[in-house]
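The next block holds one structure in the form of structure tokens; read it before the comments.
The values are calculated or read from the model by the stated rules, or taken from the named source; none is laboratory data. Treat the numbers as computed from the prediction; the structure is a model and nothing was measured. No Cβ is skipped: glycine too gets one built from the backbone with ideal geometry, and neighbour counts run over all protein chains shown. These area figures cover heavy atoms from the full protein model, side chains too; ligands, DNA and RNA do not enter into them. Shrake-Rupley method; radii C 1.70, N 1.55, O 1.52, S 1.80 Å.
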Amino acid sequence: MALISSLLRQRSSITRCMPLATSLGSHASSLRWMSTKETSDEWVEEPDETEGEWLGCTRRFLAPISVNSRGSEILNNPLFNKGTAFKLGERDRLRFRGLLPPRRLNMHRQKERVLEEIRAEESMIRKNVLLEDVHDRNETLYHRILVDHIEEMAPIIYTPTVGQACKEFGMRFRRHRGMYFCEEDRGHMAAMVYNWPQKDVHVIVVTDGSRILGLGDLGANGMGIPIGKLSLYCAAGGIAPHRVMPVVLDVGTDNPELIKDPFYLGLQKPRLRGAAYYHLVDEFIQAVRHRWPNVLIQFEDFSSDKAQKLLNKYRDQVLCFNDDIQGTGATSLAGVLGGLRAKGEHPTALGDQRILIAGAGSAGIGVAQVLYQAMIEHGRTEEEAKNCFFIADEKGLLGVERMGELSPEQALFARKTDGGLSLNEIVNKYKPTMLLGMTAVGGLFTEKLIRDMAKHCDRPIIFPLSNPTTKAECSAEQAFEWTDGRCIFASGSPFDPVEMDDGRIFYPTQCNNMFIFPGLGLGVTLCGAKTVSDKMLYVAAEALANYVSEDELAQGKVFPSIKTIRDVSKKVAIAVIEEAIRTGQASKINQKHMEDLDAFVSRKMYDPVYVPLIEKRTIEI
Ligand SMILES: NC(=O)C1=CN([C@@H]2O[C@H](COP(=O)(O)OP(=O)(O)OC[C@H]3O[C@@H](n4cnc5c(N)ncnc54)[C@H](OP(=O)(O)O)[C@@H]3O)[C@@H](O)[C@H]2O)C=CC1
Ligand SMILES: CC(=O)C(=O)O
Ligand SMILES: [Mg+2]
């Protein structure tokens, strides 16, 4: 009876209509029109007593959203579920009154409870499981926790812990998330993409699991990576959770342990190769673009032999980029520019550096390509720029004598002399000013190597970028200790501050593509770009580099604090949109947006708050 009268009251209160804000994120697409009277009189909930503490006091108007489901369906849908935070009126209207304990906790209290539980747990992987449980039952709360505590949560949902989460993916599997495509799905993918429950996907992160972080071939267990990256897209890049889709292309695995693992959930057969592999990828790309023509596709953790080929094939045709090649390149450029600033050198001094890159895979070559382009941008000739690089793989310095076996991208950097020199020999002969590690070989940077770097260079830039922490080429402590605190350091996975014997404290920052991809994705999807250009990556790197303050540089920090990642992503997005406008790619940006891009981007960024829910049929007018 109460429900009927409540519905009657709602209907009779309709006065005039207005469109609802799309920035409400997850469910706005299901909205039609809403009466201002309804929203103001009936549906807007009393502000929570602690709202200001976590939301900032000046909240935008929380218009309700209409949902097709009701009852326990809502409680079981992580995009809608608010758990114990549902107010009585909502429990009543949506027909699940009595299905939750009576006492209501507001979001702040729920968050405190989860934080207490996570903080009481010592093991990082257990923390990951607890947080992913929240992800699976209440996405709004999950993203609120990430946004408010990103520095603490990033190592739990991302590197380093995501590495272990991937390794144990089969064992820990609880609930479906993301899509899988395999050879058996050939011919069906265009139909399969319609199984995805959300109508409007903006960003896909896809892997074939062939090189997960520095852990090698983890096959379908690699799903943890797209999930982790997309969590950052939402929390740091402000893309609403219903607009992202994690994907694994399960093309088998060559990892013998997985082939015999009884709990492995992927196909236990050798990897698909050659034309069949590329046809499968192609069908996937066509299928997702058929349903979502403007979707951004981020290639992630493909082994290098395929990563560059796929990028070359699709980069001018579809909105896509390879995070390990291009995202890491842009991030490292920002760090290197920060390092030069910390040394009091002008950005154009980039072309005066001698850069030793250990690792000639996707990341190593990607970084070299972006630094090389930046040198050209700063006026160096191709020859001068090439001459700055010393790139080594397991066989030593890349040299012209190996031309036949190198990829075209590697061949560009092959040295005319001294091919095959070891890292130690390169350091002693060429006295590099920078040492960047992307080998996935933990501890590769030995004490001798780093001490020799510091002998020849007053302030060497040392970036061990391999992930997870076990694969870092050296630790922060080692780098600072072996250079007497003179190095400029950043790492792929986080390290704690280092206190030297003389009391000096150094604060290592993280050189990880997480500083680029969320903002890049936000920028290109908001502006309607058709492709991701090299220049977009360059301006993204500049925006990131400019974010670091003089004070931070003075403390040896060449990247901003992860606490600021949401704002960093906004700046990156704005830079990307400006570049798209400049080159006529910004099809969705109008004059009004251009007048205040900052406000436009801020408005569009998903902010995880509980939005009042109403049953769809009660508001159709
Ligand atoms: N911080 C960040 O944002 C990012 C970090 N990464 C990390 O970078 C690492 C590498 O990734 P990716 O490039 O895709 O991997 P690849 O496997 O494609 O490349 C690894 C490279 O390291 C070389 N290598 C192996 N052992 C040695 C050695 N002893 N000395 C010199 N070189 C060696 C390999 O040479 P060979 O081919 O001869 O074996 C290969 O060229 C991973 O750990 C990944 O997590 C990646 C992307 C972003
Ligand atoms: C960070 C990242 O993308 C990697 O390690 O592969
Ligand atoms: Mg990666």
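Data table
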{"quantity": "Output for the stretch 347-368, where each listed residue is open to solvent by 20 Å² or more (accessible area, probe 1.4 Å) and away from ligand 3 (no atom under 16 Å from the Cβ)", "calculated": "347, 348, 352, 354"}
{"quantity": "Count of residues meeting criterion [surrounded by 24 or more Cβ atoms within 10 Å (Cβ to Cβ), more than 14 Å from ligand 2 (Cβ to nearest atom) and part of a helix (DSSP H, G or I)] in the stretch 221-242", "calculated": "4"}
{"quantity": "Matching residues in the stretch 298-318 - criterion: being surrounded by fewer than 24 Cβ atoms within 10 Å (Cβ to Cβ) and of a type outside the set (D, E, K, R)", "calculated": "303, 304, 308, 310, 311, 312, 314, 317, 318"}
{"quantity": "Residue list for the stretch 391-422, restricted to those being open to solvent by less than 40 Å² (accessible area, probe 1.4 Å) and β-branched (Val, Ile, Thr)", "calculated": "391"}
{"quantity": "Pair list, Cβ under 7 Å, 6 or more apart: the stretch 399-428 residue part of a helix (DSSP H, G or I), other residue open to solvent by 60 Å² or more (accessible area, probe 1.4 Å)", "calculated": "400/416; 411/403; 424/448"}
{"quantity": "Members of the stretch 246-263 that are on the phi > 0 side of the Ramachandran plot and either surrounded by fewer than 16 Cβ atoms within 10 Å (Cβ to Cβ) or among the hydrophobic types (A, V, I, L, M, F, W, C) (or both)", "calculated": "none"}
{"quantity": "Helices (runs of 4 or more DSSP H) wholly inside the stretch 148-199 containing at least 3 residues that are of a type in the set (Val, Ile, Thr)", "calculated": "150-157"}
{"quantity": "Meets criteria (of a type outside the set (Gly, Ala, Ser), open to solvent by 10 Å² or more (accessible area, probe 1.4 Å) and more than 23 Å from residue 332 (Cβ to Cβ)) for residue 428", "calculated": "yes"}
{"quantity": "Conditions (1) loosely packed, with under 15 Cβ neighbours inside 10 Å; (2) closer than 24 Å to residue 176 by Cα: number failed by residue 88", "calculated": "(2)"}
{"quantity": "Selected residue (criterion: nearest to residue 458 (Cα to Cα)) from residues of the stretch 479-522 that are touching a residue at least 60 places away in the same chain (Cβ under 8 Å) and more than 14 Å from ligand 1 (Cβ to nearest atom)", "calculated": "488"}
{"quantity": "Elements of type helices (runs of 4 or more DSSP H) in the stretch 435-527, at least 1 residues being under 20 Å from the mean Cα position of the chain (by Cα) and closer than 26 Å to residue 215 by Cβ", "calculated": "517-527"}
{"quantity": "Failed item, numbered, when residue 470 is tested on (1) within 20 Å of residue 365 (Cα to Cα); (2) surrounded by fewer than 18 Cβ atoms within 10 Å (Cβ to Cβ); (3) hydroxyl-bearing (Ser, Thr, Tyr); (4) within 16 Å of ligand 2 (Cβ to nearest atom)", "calculated": "(1)"}
{"quantity": "Any chance residue 360 is under 24 Å from residue 538 (Cβ atoms) and within 16 Å of ligand 2 (Cβ to nearest atom)", "calculated": "yes"}
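One line per residue, one yes/no per condition, for (1) among the basic types (Lys, Arg); (2) out of contact with any strand residue (DSSP E or B) (no Cβ under 6 Å at 6 or more places or on another chain); (3) within 16 Å of ligand 2 (Cβ to nearest atom):
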position	(1), (2), (3)
150	no, yes, yes
162	no, yes, yes
167	yes, yes, yes
176	no, yes, no
179	no, no, no
